[in-house]
Amino acid sequence: MRAADPAEATDPAKAAATAENTGDASSAPAADEPVVAVKPCEQGLPTLRTPLAFKPGELLEFDMDAMGAKAGRLTMRVQRPANGSLPVVVEAQTNTLFSKVRRVRGSATSYLHPKTLRPSRYTEEAVENEQRRKVNVDFGAQDKSVKVDYQIGDRPKGHFDYAYDKDGLDVAGAIYLIRQLPMKKDLPVCFDVYGIRRMWRMTATVVEREHVSLPLGEFDAWHVAGTATRLDRPSQTRDVHVWITDDERRLPLAAVGAIDLGAVRLTLSGVKRPGEKPMEAQGKEDLKW
């Protein structure tokens, strides 16, 4: 497979130059930055496939690479439905080596509608370099609002009000919705997504069907490639690539994106699904990009 190398998919220099503001300053563009409206989605997301490719009890494990080195582990677990929602819990922790650059331990929960997979709420709690961060996001289906309440350390609580165009998602739940798309070459994908206290417009395309080699095994997968543009500051963009298996499981094999430090890659390393034999990386073959 010849897919997007992380260095090509997301340029670290560009990522650092356009890193999002993580403080409490206003999200408004700088005085000398022209305000350019982000192009709206031409249409909403297509009707999702049924039945769901996942169910409560599914656990996905990922290796996390950053700046060209192994940085830690990330897991995604589907919980049992509760109060009309299907919770998905994501947990991440950096390893000892990467902790010398940035220590992160945290979890996030996306509360998805069991059928539409649109979120009603998203919560996040993390400790980064000994500083605690908390976020609560409420999605309003009627008025397409996104209300963000957050607190960083002992600073005063902050609040943002956003709105989304046709579909509003969060970064965790978006992966599960993408797994249900009716994949085909050149399928357009467009939605608004919450991430790092901002709203981004993800405009992507199903590029093609590719063969992917992982330590976990050999797979045929759909490659989804796109660009996330920050709604309130269109000069900030992130290239994003995701590979989803072309089978009934629709497993997210890998994802390439960016943080302020540069390119980040997640690679699926373990799968546990109810009623199925667990899949674990054997270390026999490297990821071939």
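With each pseudo-label sitting 7 Å past Cα toward Cβ, what's the D220-D161 distance in nm, one decimal?
Taking the simple label geometry, D220 and D161 are separated by 5.1 nm.
From the convex hull of the Cα coordinates of the range 82-194, what is the mean projected area in square nanometres?
On the way: hull surface 36.9 nm².
Quarter of the Cα hull surface area: 9.2 nm².
Quote the FRET efficiency, to the nearest 0.05, computed for K272 versus H113 with a Förster distance R0 of 22 Å and r equal to the Cβ-Cβ distance. Don't jump to the answer; show the numbers that get you there.
Values: r = 24 Å, r/R0 = 1.10.
The computed FRET efficiency comes out at 0.35.
Local charge sum around V135 (other residues, Cβ-Cβ under 9 Å, Lys/Arg +1, Asp/Glu -1)? Please report the intermediate quantities before stating the final value.
Values: positive: R133, K134, R197; negative: E124, E125, D149.
Local charge sum for V135: 0.
Run the quick spin-label model on K39 and K55: label points 7 Å from Cα toward the beta carbon, then report their separation in nm to one decimal.
With each label placed 7 Å out from Cα toward Cβ, I get 4.1 nm.
Any chance you could run the full-extension gain for L187 through K144? It's 0.36 nm times the residue separation minus the Cα-Cα distance, nm to one decimal. Mind showing how you got there, number by number?
Working: separation 43, 0.36 × 43 = 15.48 nm, distance 2.44 nm.
Full extension from L187 to K144 adds 13.0 nm.
What is the spin-label model distance, in nm, from Q282 to E208 if the labels are put 7 Å beyond Cα along the C-beta direction?
Rounded to a tenth, the inter-label distance reads 2.8 nm.
So how many Lys-Lys pairs in the range 139-231 land under 23 Å Cα to Cα, not counting same-chain pairs under 8 apart? Show your work: numbers first, answer last.
On the way: K144/K166; K147/K157; K147/K166; K166/K184; K166/K185.
Close lysine pairs under the 23 Å cut-off: 5.
Report, as a whole number in µm² per second, the diffusion coefficient that Stokes-Einstein gives for the range 220-282 at 4 °C and 1.567 mPa s using the Kirkwood radius over alpha carbon pairs. All intermediate terms of the calculation are to be shown ahead of the outcome.
Working: Rh = 13.7 Å.
Once the numbers are plugged in, D ends up at 95 µm²/s.
Considering the convex hull of the alpha carbon atoms of the range 130-289, report its projected area averaged over all viewing directions, in nm², one decimal. Kindly include the intermediate steps, with their values, before the conclusion.
Values: hull surface 47.7 nm².
For the range 130-289, averaging the hull's shadow over all directions gives 11.9 nm².
Within 10 Å, count the other beta carbons around each residue, average over each peptide in 194-203, 113-122, 158-167, 85-94, and list them highest first. Write out the running numbers ahead of the final one.
Working: 194-203: 21.6, 113-122: 17.2, 158-167: 15.1, 85-94: 19.7.
Ranked from most to least packed, the peptides come out as 194-203, 85-94, 113-122, 158-167.
Read-outs throughout are calculated quantities, based only on the coordinates presented, and are distinct from any laboratory measurement. These numbers come from a predicted model, not from an experiment. Using ideal geometry, Cβ is built from the backbone for each residue, glycine included, and neighbour counts are taken over all protein chains shown.
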